[in-house]
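Below is one structure, written out as structure tokens; comments come after it.
The values are calculated or read from the model by the stated rules, or taken from the named source; none is laboratory data. Just so it is clear, the model here is predicted, and its values are computed rather than measured. Note: ideal-geometry Cβ built from the backbone for every residue, glycine included; neighbour counts use all protein chains shown. These area figures cover heavy atoms from the full protein model, side chains too; ligands, DNA and RNA do not enter into them. Shrake-Rupley method; radii C 1.70, N 1.55, O 1.52, S 1.80 Å.
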Amino acid sequence: MRPSHLLLAVLVAAVWGVNFTVIEIGLDHFPPLLFSALRFLVAAVPAVFLVGRPKVAWKWIVAVGLVLGVAKFGLLFIGMDVGMPAGLSSLVLQIQAVFTALIAFVALGERPTRWGVVGMAVALAGIAVAAVDEGASGPLGAFALVLVAAACWGASNVLTRKAAPPDALNFMVWVSTVPVLPLLALSLLTEGVDRDMEALRSLDWQGAGTVLYVAWVTTVFGFGVWGWLLRRHPASTVAPFSLLVPVFGMSAAALFLGETVTPLRWCAAVLLVAGVALTSLAPRGRKPGGVSGARGEGVREPEGTGGVREPEGGDRVGELEGADGVREPGGG
């Protein structure tokens, strides 16, 4: 990888990691579901008029839009709004790699390798340590919401693999059109018209900046550059950079929000990142009958932050999409 390409990969990981801090700031200006709806609205318009027609069937766009956009991001934003720290959120969401492997095993018949199983166990140990740390200092309910959001991310990753979009940016822009109305409806029902209108009437430059960052910088720029890199390099070269997302996420939260990184949280980070690395980068298991799940189906695996990996020279690709960013790798 050229130095300039390496720097771009690190930049995308940083963008996706910082995104969690930006979300935390944005939640001071908007109710969580309204904020999420605005994020997808601004990500979709005007980009949807520039990326061309959808390149996969609408059933996949709608399915991913509902599971990723409404369920995953709705739960993430609510979890952070009710007390889940930004830095810890950026870390816990990476367990999506384990959920992806488990759902792929159930839905696609892909058997994890021995190292993949070890990675899952290590990552789950990291989640247990993080839960102990959060239980001592914050609400476990918020922690659980972000954990369920990670499971929804894993489900959307498997759906994305089945869709096998040839263009990651085109796919994510069209996916962004789906959650807008459901999230707005949920916001009106649960957060109230008065609260939503007050947030819009009091919109200032900081609030607008958070929406622009999570929509254009994290989604359009982040996934555009990530897809561009994956078209030029094997996924095994690009994918490890998504493991930097929680590093940047926790660092940005400590720097800008004053979040304390406890020794237990550092321990959880080491375990979780190591486990996700083993789970994500281990050779993919085979389906019954000796056919590789990824190769046999001709699908593309998501990167660690939720994005879509494209093939390079026939290599099996193997997330983030972050971030938030539609990796959000990273999610958030």
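Descriptive notes on the structure:
- Single match in F143, F171 (criterion: aromatic (F, W, Y) and more than 20 Å from A215 (Cα to Cα)): F143
- Summed over segment 166-198, the residues that are outside any helix (DSSP H, G or I), of a type outside the set (V, I, T) and under 17 Å from the mean Cα position of the chain (by Cα) give a count of 1.
- Candidates L320, L230, L281 - the one that is open to solvent by 60 Å² or more (accessible area, probe 1.4 Å), of a type in the set (A, V, I, L, M), under 21 Å from H5 (Cα atoms) and modelled with pLDDT under 85: L281
- Only one of the numbered conditions (1) open to solvent by less than 10 Å² (accessible area, probe 1.4 Å); (2) farther than 19 Å from A269 by Cα; (3) hydrophobic (A, V, I, L, M, F, W, C) is violated by L102, and that is (1).
- Selection from segment 155-165 of residues that are assigned to a helix (DSSP H, G or I) and of a type outside the set (S, T, Y): A155, N157, V158, L159, R161, K162, A163
So that you can scan it fast, the table gives a plain yes or no per residue for (1) in contact with a Pro (Cβ under 6 Å, 6 or more places away or on another chain); (2) within 18 Å of M84 (Cβ to Cβ); (3) open to solvent by less than 40 Å² (accessible area, probe 1.4 Å); (4) not small (G, A, S):
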| residue | (1), (2), (3), (4) |
| --- | --- |
| G17 | no, yes, yes, no |
| A43 | no, no, yes, no |
| F49 | no, no, no, yes |
| R53 | no, no, no, yes |
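- Just one of the listed residues (A104, A123) is modelled with pLDDT of 90 or more, in a helix (DSSP H, G or I) and within 29 Å of V22 (Cβ to Cβ), and it is A123.
- In segment 70-93, residue nearest to M172 (Cα to Cα) [restricted to those that are in a helix (DSSP H, G or I) and open to solvent by 10 Å² or more (accessible area, probe 1.4 Å)]: V70
- With respect to (1) under 21 Å from L66 (Cβ atoms); (2) out of contact with any helix residue (DSSP H, G or I) (no Cβ under 8 Å at 6 or more places or on another chain), the lone exception for F223 is condition (2).
- Hey, G275 closer than 18 Å to T113 by Cα and open to solvent by less than 20 Å² (accessible area, probe 1.4 Å) or not: yes
- Residue pairs whose Cβ atoms lie under 9 Å apart, sitting 6 or more positions apart in sequence or on different chains, and linking a residue in segment 182-203 that is under 23 Å from I25 (Cβ atoms) and open to solvent by 40 Å² or more (accessible area, probe 1.4 Å) to a partner that is part of a helix (DSSP H, G or I) and among the charged types (D, E, K, R), are L184/D196.
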